[in-house]
Amino acid sequence: MELADYCKNENMSATALDFSENMVFHAYYWMGIAFICICLTAAMPLWYFHHQKKLHSEQDTPMSDAQKGEFKKLRVNIHTREVTLGNISRKSRLQVVTLLDYLVKHPQHEISFSELNTVFHENFFDGSSSAKRKISTLKYEANEALKDMGFELLRLPPGKLVMATKKGN
């Protein structure tokens, strides 16, 4: 309004008036663009964290108390290389027993292929086809050791081994 009053006094030339009107228009235009960018910058992390929370809540299905109790009943002895549940006891090789011991103690009862390098040795899993065969063999032998005990070892698509009860997969 001050600009309009100033222009009515005819103290400004026509080119200065056009320039100042264009400048005001451009100032509002760029302030609007900046406001939109600030809103998007603030909204993107909020959306990302909400999306991650939703993904993790879908993946993390809590175990029932009965399933947790089943895992507590399974005994793995690395020294004697035995897996025991009740009166069923089976011997297996050291790698299988070590893996089962890790899975029983882990809260989610899962391990990624890359974590196998920390459990066994540094170059156990390197992504090669021979490493994948080793994991398949390990899974097969673990399932043989767990036969008739109500547990099984599953291979999940993102590159994980998961120990689950046969009753409640």
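Just to confirm, what accessible area per residue do you get for the range 65-165 at 1.4 Å probe, in whole Å²?
Accessible area per residue: 56 Å².
Find the relative contact order for the range 65-165 and round it to a whole percent, using C-alpha pairs within less than 8 Å whose residues are 6+ positions apart.
Answer for the range 65-165 is 24 percent.
Too long at a 22 Å Cα-Cα cut-off: which of Lys72/Lys147; Lys54/Lys105; Lys105/Lys166?
Values: Lys72/Lys147 17 Å; Lys54/Lys105 27 Å; Lys105/Lys166 18 Å.
Going by Cα-Cα distance, Lys54/Lys105 fall outside the 22 Å limit.
So how far apart, in nm, are the two label points at Ser128 and Tyr140 if each is 7 Å from Cα heading toward Cβ?
Going by the 7 Å Cα→Cβ label model, 2.0 nm.
Counting only protein heavy atoms, what percent of the accessible surface of the range 84-169 is carbon or sulfur at a 1.4 Å probe?
C and S fraction of accessible area: 51 percent.
Which distance in nm do the two modelled labels at Lys53 and His79 give, with both placed 7 Å along the Cα-to-Cβ direction?
Each label point is offset 7 Å from its Cα along the Cβ direction, giving 4.8 nm.
For the range 83-135, which trypsin sites (Lys or Arg not before Pro) pass both filters: DSSP loop (anything but H, G, I, E, B) and at most 14 other C-beta atoms within 10 Å?
Arg93
Heavy atoms only, probe 1.4 angstrom, no DNA, RNA or ligands counted: give me Ile111, Ile88 ranked by accessible area, highest first. It would help to have the intermediate numbers written out before the result.
Working: Ile111 0, Ile88 50 Å².
The residues order as Ile88, Ile111, largest area first.
For the pair Arg155 and His26, how long in nm is the line joining their label points, each one 7 Å along Cα→Cβ?
Distance between label points: 6.4 nm.
Report Asp126's accessible area, 1.4 Å probe, all protein chains in place, as a number in Å² to the nearest 10.
For Asp126, solvent-accessible area is about 110 Å².
First measure r as the distance between the Cβ atoms of Lys166 and Arg93, then evaluate 1/(1 + (r/R0)^6) with R0 = 25 Å and state the FRET efficiency to the nearest 0.05.
On the way: r = 23 Å, r/R0 = 0.91.
Calculated value: 0.65.
May I ask you to list the GluC sites (Glu not before Pro) in the range 94-136 that are in a DSSP loop and have at most 13 other Cβ atoms within 10 Å of their Cβ?
Details: sites: Glu110, Glu115, Glu122; in loops: Glu115, Glu122.
In loop regions of the range 94-136 (DSSP not H, G, I, E or B), the sparsely surrounded GluC sites (Glu not before Pro) are Glu122.
Ignoring ligands, DNA and RNA, how do His79, His26, His51 rank by accessible area with a 1.4 Å probe, largest first?
His79, His26, His51
The values are calculated or read from the model by the stated rules, or taken from the named source; none is laboratory data. Note that the structure is a prediction, hence the values are computed from the model and not measured. Note that each Cβ is placed from the backbone with ideal geometry, even for glycine, and that neighbours are counted across all protein chains shown. Ligands, DNA and RNA are stripped out before the accessible areas are found, and what is left, the full protein with its side chains, is counted by its heavy atoms. Shrake-Rupley method; radii C 1.70, N 1.55, O 1.52, S 1.80 Å.
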